[in-house]
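Worksheet for the structure shown next.
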């Protein structure tokens, strides 16, 4: 069994919202980095993505997970929560890292991403954004932390073309931007590379992102059907598994 297969098997019991295809995209992104790479994720929940990143990256790479575990923004339709829920998430996160054998590979910063910028020094080679999905915090994560990505570095964003807030933030900052080139997606996990864009490359990057909008519209309709308890409508739109499209 390959290291990736072993990791996919080990995270099946870790609660979270990340498909195997998305985990593989995270894995290949981290595995391709240099040995001294700096990896930062925003939004860890119970540790699914942190485990994948830590196992994929070189032993000499640094992996920082930023999550306040405050009980809020825990997942779909879980914007508000309690400190007790946050503490339970924190303890489960730590236990999952221990069970996966990566507790010494992941540095946890228990702060909101807006307060954690000074907790990470230097440029970032891979930034994974899966924090609060409302427009303003998603925009700020992409703008403030994206500015820290090194030239040639990677930016991955979860719930793209699925969450309305995240997608609006992308449209504002990335669709027609000149710094990040759109490389593709696995479900709602998109990947960009930081490089100067001009002329045809910039137009092509924008066009590839705009081409995802029908899939975004489908996801919004699926979510509306789920909220309204119209399961036949969700199924007709192709939603077969799980409570929420991601």
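Data for the structure
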read-out	value
Breaking point among (1) out of contact with any helix residue (DSSP H, G or I) (no Cβ under 7 Å at 6 or more places or on another chain); (2) surrounded by 15 or more Cβ atoms within 10 Å (Cβ to Cβ); (3) assigned to a strand (DSSP E or B), for residue 92	(3)
Answer from 21, 30 - the residue that is touching a strand residue (DSSP E or B) at 6+ places or on another chain (Cβ under 7 Å), crowded, with 22+ Cβ neighbours inside 10 Å and not in a loop (DSSP other than H, G, I, E, B)	30
Checking residue 157 against (1) touching a helix residue (DSSP H, G or I) at 6+ places or on another chain (Cβ under 7 Å); (2) touching a residue at least 60 places away in the same chain (Cβ under 8 Å), the condition it does not meet	(2)
Number of positions in segment 134-160 that are assigned to a loop (DSSP other than H, G, I, E, B) and crowded, with 23+ Cβ neighbours inside 10 Å	3
Given (1) without any contact (Cβ under 8 Å) to a residue 60 or more places away in the chain; (2) part of a loop (DSSP other than H, G, I, E, B); (3) touching a helix residue (DSSP H, G or I) at 6+ places or on another chain (Cβ under 7 Å), number of the condition residue 58 does not satisfy	(3)
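Read-outs: derived from the displayed coordinates by stated rules, not from any lab. Not measured: the values here are computed from a predicted model. Methodologically, a virtual Cβ is constructed for each residue, glycine included, from the backbone with ideal geometry; neighbour enumeration extends over all protein chains shown.
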